[in-house]
Amino acid sequence: MNFQQTVFLQSAAKLSQLPKDIGIEIAFIGRSNAGKSSAINTITGIKHLARTSKTPGRTQLINLFEIEPDKRLADLPGYGFAKVPASVKKQWEQTINHYLAQRKSLKALILIMDSRHPLQATDWELIHWSDQIKLPLHILLTKCDKLTAAESRKTLASLHSQLKPYPLVTVQLFSAIDKTGCSQARKKVEDFLF
């Protein structure tokens, strides 16, 4: 699969604006400051494909990227910390919930977590939900370049242990800065798309 052929497809504020619900979508989801857009850019190898920002909450729409016909990545609005009004945050949550519950082409989730602050309450909610509906979920522990090698190993081992009851959940270390785990993440996305 040639990830470098990935193109921006469209943005949508609500489900009715999304393209026809066919094919396969892999959704990137996580807290507002965890690095979703950076992960998409690193995995595809296209530097400015997904818009990144130092200000959490910049992704305010569902952004779709097409790798090849009927194979898409979705960048969802982040949850948790974001400098936006409560009403906007509530709208995002409703849009995300509707997308997760209703989008038939959604085949897997890539959950982005800051490796320094993994498994927050909202992350657990998503893990439980995906487990209940048998939706595969892969966790990228981002920003692992900010940890020592020993801290990274300890964090990964801890998550492996905590996630044992969830057979469809996998986890890995990832860094958009030094490309740690990039080929592993790319392989996972490929597996989900085929």
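The values are calculated or read from the model by the stated rules, or taken from the named source; none is laboratory data. Just so you know, these numbers come straight off a predicted model, no measurement behind them. Cβ: placed from backbone, ideal geometry, glycine included. Neighbour counts: every protein chain shown.
Which ones in the range 16-38 are outside any loop (DSSP other than H, G, I, E, B) and either surrounded by 21 or more Cβ atoms within 10 Å (Cβ to Cβ) or modelled with pLDDT under 90 (or both)? Explain how you work it out, then say what you get.
Of the range 16-38, the ones outside any loop (DSSP other than H, G, I, E, B) are 16-17, 24-31, 36-38.
Residues satisfying the conditions are E25, I26, A27, F28, I29, G30, R31, K36, S37.
Checked against the criterion of being without any contact (Cβ under 8 Å) to a residue 24 or more places away in the chain, farther than 24 Å from S183 by Cα and more than 18 Å from the chain's Cα centre (by Cα), the candidates A157, A86, A121 yield just one match: A86.
For the condition surrounded by fewer than 22 Cβ atoms within 10 Å (Cβ to Cβ), within 16 Å of the chain's Cα centre (by Cα), in a helix (DSSP H, G or I) and at pLDDT 90 or above, what is the one hit in N97, N41? Even if it seems obvious, please write down each step before you answer.
Values: N97 fails: at pLDDT 90 or above.
Result of the check over N97, N41: N41.
Looking only at the range 100-148, which residues are β-branched (V, I, T) and surrounded by fewer than 18 Cβ atoms within 10 Å (Cβ to Cβ)? Spell out how you get there, then give the answer.
First, pick out the residues of the range 100-148 that are β-branched (V, I, T): 110, 112, 122, 127, 133, 139, 142, 148.
Correct list: T122, I133, T148.
Of all residues in the range 136-165 being part of a helix (DSSP H, G or I) and of a type in the set (A, V, I, L, M), which is nearest to L100 (Cα to Cα)?
The first filter runs over the range 136-165 and keeps only residues part of a helix (DSSP H, G or I), leaving 144-146, 149-162.
With of a type in the set (A, V, I, L, M) added as a condition, the list becomes 149-150, 156-157, 159.
On the way: A149: 35, A150: 35, L156: 26, A157: 29, L159: 24 Å.
So, considering only residues that are part of a helix (DSSP H, G or I) and of a type in the set (A, V, I, L, M), the one nearest to L100 (Cα to Cα) is L159.
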